[in-house]
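Heads up, the thing below is written out as structure tokens.
The values are calculated or read from the model by the stated rules, or taken from the named source; none is laboratory data. Just so you know, these numbers come straight off a predicted model, no measurement behind them. Please note: Cβ atoms are built from the backbone with ideal geometry, for glycine as well, and neighbour counts cover all protein chains shown. Ligands, DNA and RNA are excluded from the accessible area calculation, which covers all protein heavy atoms including side chains. Shrake-Rupley method; radii C 1.70, N 1.55, O 1.52, S 1.80 Å.
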Amino acid sequence: MLLVAAHIGNSQTMEKKSDQGVKQLPRGQWTLDWSADSKLIATGGDDSLVRIYNANTLAVMKAYHLNGMIRQVRWHPTNHFLFITCITPIQEILNVDTDEVVLRARIQQGARAIDWSYDGMRLAIADGEGMVRSLGIDGKEGKVFAGNDRRSYFSLDWHPSRNILVTGGDDIRIFDTETGLLKIIKHRAENTGVLVVRWHPSGEYFVSGDYGHHEEGIPSLLQFWSVDGELIKTIRASKKEYRTLAWSPDGHYLATAGDQLRIWSKSGDLIFEDDSGSSANIWGMAWRSDNKKLACIDFAGNLKTWSAGDWSLRK
């Protein structure tokens with residue numbers, strides 16, 4: 001069930017926290033995204049606060065309280081609209097410049113997986129009941145597809161130039177936003193969930209990262225797939241699950257986080273790995289639009305940026 005309670009032209013103000021709330025140390029951080037104009041970084045997690053950071057100083061500018069634990073934030077491709085999803089039924093789009101909610105959608109079982117379309121005119125939500133939805137930024141619902149045996153999706157990514165979605169859950173699924181399910185990919189013989197999927201900026205292939213079960217001798221897999229869902233490459237590197245990964249906007253670099261931060265070439269060759277021990281629990285990451293910096297936040301709430309020039313940690 002999806003009910004739209006607010007939309008553009010009928011906005012409501014989001015509750016902002018007091019100065020004390022802004023100063024509250026983050027905890028249980030799941031997600032991070034860098035705005036398209038490179039000015040702002042947004043994060044969210046178990047403390048139900050969306051924090052907006054100045055991307056240059058890494059100082060918290062604003063904090064918003066939501067009604068539940070936050071699982072993903074995604075900036076609009078061109079402006080300061082922030083798409084936020086929670087484990088509770090309410091999913092929101094916030095205009096960070098005006099502090100207004102421009103869309104509020106109610107999804108009964110909540111969601112973990114969201115994205116904007118490449119042109120910023122539509123949204124996709126893969127929810128906690130195995131449903132994939134598309135809707136317009138005006139709140140008008142489009143197609144609804146059943147596809148994950150009523151189990152929660154973990155990740156979703158909209159193709160960079162086509163109306164195709166890839167999702168991660170118990171398996172990998174590719175959807176056309178008009179006609180529905182195109183392909184189901186059983187990514188390995190073992191039963192382990194796919195936590196993250198991301199298209200390469202060219203749209204020619206995508207990458208997935210799964211949970212693995214290292215205590216049972218089942219390693220986490222990083223896998224490259226063609227646009228049609230054919231396996232290109234499998235990498236066994238991390239000793240922990242892949243919670244997040246991010247392509248640089250120019251497509252030259254892939255950043256992954258599992259047991260440590262690693263940087264790969266677009267073909268999957270290892271370029272850098274952090275052996276300092278400081279990147280073991282990164283759950284959110286995103287690149288700056290000029291490809292020169294990578295922002296990461298770990299589960300404990302430590303926000304850091306890395307320079308793509310020398311891959312040295314920038315405090």
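Of note:
- Taken over the range 291-315, the criterion of being open to solvent by 60 Å² or more (accessible area, probe 1.4 Å), over 16 Å from the mean Cα position of the chain (by Cα) and modelled with pLDDT of 85 or more is satisfied by Lys292, Ala300, Asn302.
- Residue within the range 121-134 that is among the basic types (Lys, Arg), touching a residue at least 60 places away in the same chain (Cβ under 8 Å) and open to solvent by 10 Å² or more (accessible area, probe 1.4 Å) present: yes
- Search result, residues across the range 264-290 that are outside any loop (DSSP other than H, G, I, E, B) and crowded, with 19+ Cβ neighbours inside 10 Å: Trp264, Ile282, Trp283, Gly284, Met285, Ala286, Trp287
- Taking the range 179-194 as the range and being more than 18 Å from Asp228 (Cβ to Cβ) and over 22 Å from the mean Cα position of the chain (by Cα) as the test, the residues that pass are Arg188, Ala189, Glu190, Asn191.
- Verdict on Gly110 being within 21 Å of Gly147 (Cβ to Cβ) and open to solvent by less than 10 Å² (accessible area, probe 1.4 Å): yes
- Take the conditions (1) assigned to a strand (DSSP E or B); (2) on the phi > 0 side of the Ramachandran plot; Gly139 misses just one of them, which is (1).
- Of the residues in the range 57-65, at least one is touching a Phe, Trp or Tyr at 6+ places or on another chain (Cβ under 8 Å), part of a strand (DSSP E or B), surrounded by fewer than 18 Cβ atoms within 10 Å (Cβ to Cβ) and hydrophobic (A, V, I, L, M, F, W, C).
- Which listed residue is open to solvent by 60 Å² or more (accessible area, probe 1.4 Å) and of a type in the set (Phe, Trp, Tyr), from Tyr242, Tyr205, Tyr211: Tyr211
- Residues in the range 89-102 that are over 19 Å from the mean Cα position of the chain (by Cα) and among the aliphatic types (A, V, I, L, M): Val101, Val102.
- Any hit, the range 152-172, residues being open to solvent by 20 Å² or more (accessible area, probe 1.4 Å), aliphatic (A, V, I, L, M) and free of Cβ contacts under 8 Å to residues at least 60 places away in the same chain: no
- Residue within the range 92-104 that is open to solvent by 10 Å² or more (accessible area, probe 1.4 Å), over 27 Å from Val207 (Cα atoms), in contact with an Asp or Glu (Cβ under 6 Å, 6 or more places away or on another chain) and not small (Gly, Ala, Ser) present: yes
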